[in-house]
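Q: First the structure, then my questions, so here it is.
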Amino acid sequence: MSPTAPPPATTTVRRRPVPAARRPAPRATGGRPPAEERARTALRYAGPALLGYLAVRLFGMLVLAKWAHVRHHGIWPTLATSWDSNWYLGIADHGYVHALHAGQLNNLAFFPLYPGLVKAVAAVTPGSRASVGLLLAIGFSLVAACGVFAVGDRLHGRRTGALLTVLWAALPVGVVQWMGYTESLFTALTAWALYCVLTRRWVWAGSLAALAGLTRPTGIAIAAAVSLAALVALVRARGLDRRLVLGGLLAPAGWCGYVAWVGLRLGRWDGYFAVQKVWDNEWDGGIGTLRDIRSILVYANRPPLFLVLVTLVLIGSGALYLLSLADRQPPALLIFTGALLVVVLGSGGVYFPRARFLVPGFPLLLPVALALARARRTVTVLVLGAATLSSAWLGAYMLLVWPGPP
């Protein structure tokens, strides 16, 4: 083109204005969307899993409410102020005891995070501490459902994550997720700690595991999972990673801290284990569990339905762990569920709450979720429907017919 040639003609392209609802959100510093936008996106992505979770649990509540009405029971006292709930509320009201008396149960067997949260929230909100405790449990169950979905989605995709969440909601004793108990809080902390391990957020993983260790005795299982996973990652790393070290050291801090505090409070190094002995919860390597299983399945003429359910849950959990090993789940998940099974099955204490103790072990359900994700839609619907119906009926039976604690 010569210097004196006229410039080429240009074509003006008219663009339609982008509607406000479809315009991209303003970016935060560094090119990332604002935290609020990321949260909304994550909730939309997890929406089907959360809706499935709520559908299962609300159906269970409807069955429980109908059954309670027929038997002239109140549903609120059953959920908020029964059995262990009263122990947690007592800690929130009066704190812990200072002495250990032979043959006398005491509240030092219960870990402090949940009653501490109940006390703190009740101090700044209206309503009784029992109501606050129940609402906290329901709220934490939703956080837990998000965490369960996040782990399943991270490993096998959105469909498997959603199915895993619905299966967790439809556990035979899933009703405890909406009771004034610690299962929901503990599962929430555990699920997100495992997710942080999978995404290599080591400090977050250790911090959440430490909080889980302040929630339940089985917090030692998630502490072991995070610490050992951090140790393996540290060995494989070329240099010293302070985040790995800090995360691994933080993980057992909550459980060890409470056990040490009980020892100091009682003036004996084995104070916490002495408390557990009073509650008949000594670890015997599983001898007592095998004896109970044999008694229920072999020698009992008419074993109570709830004890049969607990036995089937324990046997099924062992089988699911073997399937998890065969599926080569990430080490952190296998360590957590393995340690959880060792603690629960190895205890020589009371038998009937064992199924409830395994509620946080959601990774055990991954083989089932994977199988349903690959199955035909009809099979998936039938399995989930049957699980939902049985969970609703068994939950109501456990709370309204079974005479003991869940």
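The values are calculated or read from the model by the stated rules, or taken from the named source; none is laboratory data. If you're wondering where the values come from, they're calculated on a predicted model, not measured in any experiment. FYI the Cβ positions are ideal-geometry reconstructions off the backbone, even for glycines, and counts take in every protein chain you see. All accessible areas refer to the heavy atoms of the entire protein, side chains included, with ligands and DNA or RNA removed. Shrake-Rupley method; radii C 1.70, N 1.55, O 1.52, S 1.80 Å.
Q: Being open to solvent by less than 50 Å² (accessible area, probe 1.4 Å), small (Gly, Ala, Ser) and part of a loop (DSSP other than H, G, I, E, B) is the filter; apply it to segment 86-125 and report the residue that is nearest to TRP255 (Cα to Cα).
A: GLY95
Q: Which pairs turn up if I take residues in segment 278-304 that are at positive phi and surrounded by 14 or more Cβ atoms within 10 Å (Cβ to Cβ) and look for partners that are of a type in the set (A, V, I, L, M) and not in a loop (DSSP other than H, G, I, E, B) with beta carbon separation below 9 Å, at least 6 apart in sequence or on another chain?
A: GLY286/VAL342; GLY286/LEU345
Q: Among the residues of segment 125-144, is there at least one that is out of contact with any Ser or Thr (no Cβ under 9 Å at 6 or more places or on another chain), over 19 Å from ALA80 (Cβ atoms) and either among the hydrophobic types (A, V, I, L, M, F, W, C) or modelled with pLDDT of 95 or more (or both)?
A: no
Q: Within the set of pairs 6 or more residues apart or between chains, which connect a residue that is touching a residue at least 24 places away in the same chain (Cβ under 8 Å) inside segment 358-373 to a residue that is part of a loop (DSSP other than H, G, I, E, B) and acidic (Asp, Glu) with Cβ atoms less than 8 Å apart?
A: Taking only residues 6 or more apart or on different chains, the pairs are LEU366/ASP327; PRO367/ASP327; LEU370/ASP327.
Q: On to the next question. Among the residues of segment 241-256, which ones are in a helix (DSSP H, G or I) and either under 19 Å from GLY346 (Cβ atoms) or open to solvent by less than 40 Å² (accessible area, probe 1.4 Å) (or both)?
A: Answer for segment 241-256, where residues must be in a helix (DSSP H, G or I) and either under 19 Å from GLY346 (Cβ atoms) or open to solvent by less than 40 Å² (accessible area, probe 1.4 Å) (or both): LEU244, GLY247, GLY248, GLY254, TRP255.
Q: Restricting to segment 207-219, name every residue that is open to solvent by 10 Å² or more (accessible area, probe 1.4 Å), assigned to a helix (DSSP H, G or I) and among the aliphatic types (A, V, I, L, M).
A: Matches in segment 207-219: LEU208, ALA210, LEU211.
Q: Another question, then. Has segment 220-227 got any residue that is closer than 24 Å to LEU312 by Cα, part of a loop (DSSP other than H, G, I, E, B) and within 16 Å of the chain's Cα centre (by Cα)?
A: No, segment 220-227 contains no residue that is closer than 24 Å to LEU312 by Cα, part of a loop (DSSP other than H, G, I, E, B) and within 16 Å of the chain's Cα centre (by Cα).
Q: Only one residue in LEU345, LEU323 is open to solvent by 20 Å² or more (accessible area, probe 1.4 Å), in contact with a Lys or Arg (Cβ under 8 Å, 6 or more places away or on another chain), over 18 Å from VAL56 (Cβ atoms) and in contact (Cβ under 8 Å) with a residue 12 or more places away in the chain, so which one is that?
A: That would be LEU345, the only listed residue that is open to solvent by 20 Å² or more (accessible area, probe 1.4 Å), in contact with a Lys or Arg (Cβ under 8 Å, 6 or more places away or on another chain), over 18 Å from VAL56 (Cβ atoms) and in contact (Cβ under 8 Å) with a residue 12 or more places away in the chain.
Q: Within the bounds of segment 267-276, is there any residue that is part of a helix (DSSP H, G or I), open to solvent by 30 Å² or more (accessible area, probe 1.4 Å) and closer than 17 Å to PRO353 by Cα?
A: For segment 267-276, residues part of a helix (DSSP H, G or I), open to solvent by 30 Å² or more (accessible area, probe 1.4 Å) and closer than 17 Å to PRO353 by Cα: absent.
Q: Next question. For residues that are surrounded by 24 or more Cβ atoms within 10 Å (Cβ to Cβ) and of a type in the set (S, T, N, Q), scanning just segment 159-181, find the one that is nearest to the chain's Cα centre (by Cα).
A: GLN177
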